[in-house]
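Remarks on the structure that follows.
The values are calculated or read from the model by the stated rules, or taken from the named source; none is laboratory data. All figures in this text were calculated on a predicted structure; none of them were measured in a lab. Virtual Cβ from ideal backbone geometry, glycine too; neighbours counted across all protein chains shown. Accessible surface areas use protein heavy atoms only, side chains included; no ligands, DNA or RNA. Shrake-Rupley method; radii C 1.70, N 1.55, O 1.52, S 1.80 Å.
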Amino acid sequence: MNLNYSRKPSRLKRVTMENRSVWLVLVFVALISKEAMAAQHVVGGSQGWEESTDFSSWASGQKFKVGDQLVFKYASGLHSVVELGGESAYKSCDLGTPLNSMNTGNDVVKLSKPGTHYFACGTSGHCGQGMKVKITVESGTAPSTPESSSSSSSPAASSASAMHKSFAASALLAALVAASLINIYM
């Protein structure tokens, strides 16, 4: 009795393995593309996180989506960023029970859920002088439109947006090539 266990997988089994590989590649690309489409918003535009910035005007010219990032750029030691728990704390500049505090001078906050988020400077007196911002995040993960404090996009924002779209297109192309190669060689 000769049992030969070195047989090649059946055609059906190979097709199933090919399909799994293709789906894994496509899921991976979808995850990368989602990250690539998220926007980075420099809070305050070209002025950054400074006392002289009109944050209400800046925020009203922005569209924030889940997955986007806020970047607070400021002179470390002069300012800080405090995430507040609600509108009451925001209006009264109550910094006593923050959700988060940052002080690096280049702080990044990922907007992970829809709703209104409140931020203020933690330096004594700065919030009361208007150094605070209210961010309304929309649900969904469609590409956002980061803009400077003026009505037109800054060159850096436009460049970053174009780079994200280019990356997403490249990732999709790479996935299609990988899927084709998997089908050819399996």
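Filtering Ala89, Ala157 for residues that are assigned to a helix (DSSP H, G or I), modelled with pLDDT of 95 or more, crowded, with 16+ Cβ neighbours inside 10 Å and hydrophobic (A, V, I, L, M, F, W, C) leaves a single hit, Ala89. All of (1) loosely packed, with under 14 Cβ neighbours inside 10 Å; (2) more than 13 Å from the chain's Cα centre (by Cα) hold for Gly140 with one exception: (2). Search the stretch 36-79 for residues being touching a Pro at 6+ places or on another chain (Cβ under 7 Å) and part of a loop (DSSP other than H, G, I, E, B), and hand back the single one that is nearest to Asp107 (Cα to Cα). The residue in question is Ala39.
Selection over the stretch 33-87 of residues that are among the acidic types (Asp, Glu) and under 19 Å from Ser112 (Cα atoms) gives a count of 4.
Pairs are defined by a Cβ separation below 8 Å, a sequence spacing of at least 6 or placement on different chains, a first member in the stretch 91-107 that is of a type in the set (Val, Ile, Thr), and a second member that is surrounded by 17 or more Cβ atoms within 10 Å (Cβ to Cβ) and not in a loop (DSSP other than H, G, I, E, B); the pairs so defined are Thr97/Ala89. Got at least one residue in the stretch 59-71 being closer than 18 Å to His126 by Cα and either open to solvent by 30 Å² or more (accessible area, probe 1.4 Å) or out of contact with any strand residue (DSSP E or B) (no Cβ under 6 Å at 6 or more places or on another chain) (or both)? No, every residue in the stretch 59-71 fails to be closer than 18 Å to His126 by Cα and either open to solvent by 30 Å² or more (accessible area, probe 1.4 Å) or out of contact with any strand residue (DSSP E or B) (no Cβ under 6 Å at 6 or more places or on another chain) (or both). Of all residues in the stretch 109-133, exactly one satisfies the criterion of being open to solvent by 70 Å² or more (accessible area, probe 1.4 Å) and in contact with a Ser or Thr (Cβ under 6 Å, 6 or more places away or on another chain), namely Pro114.
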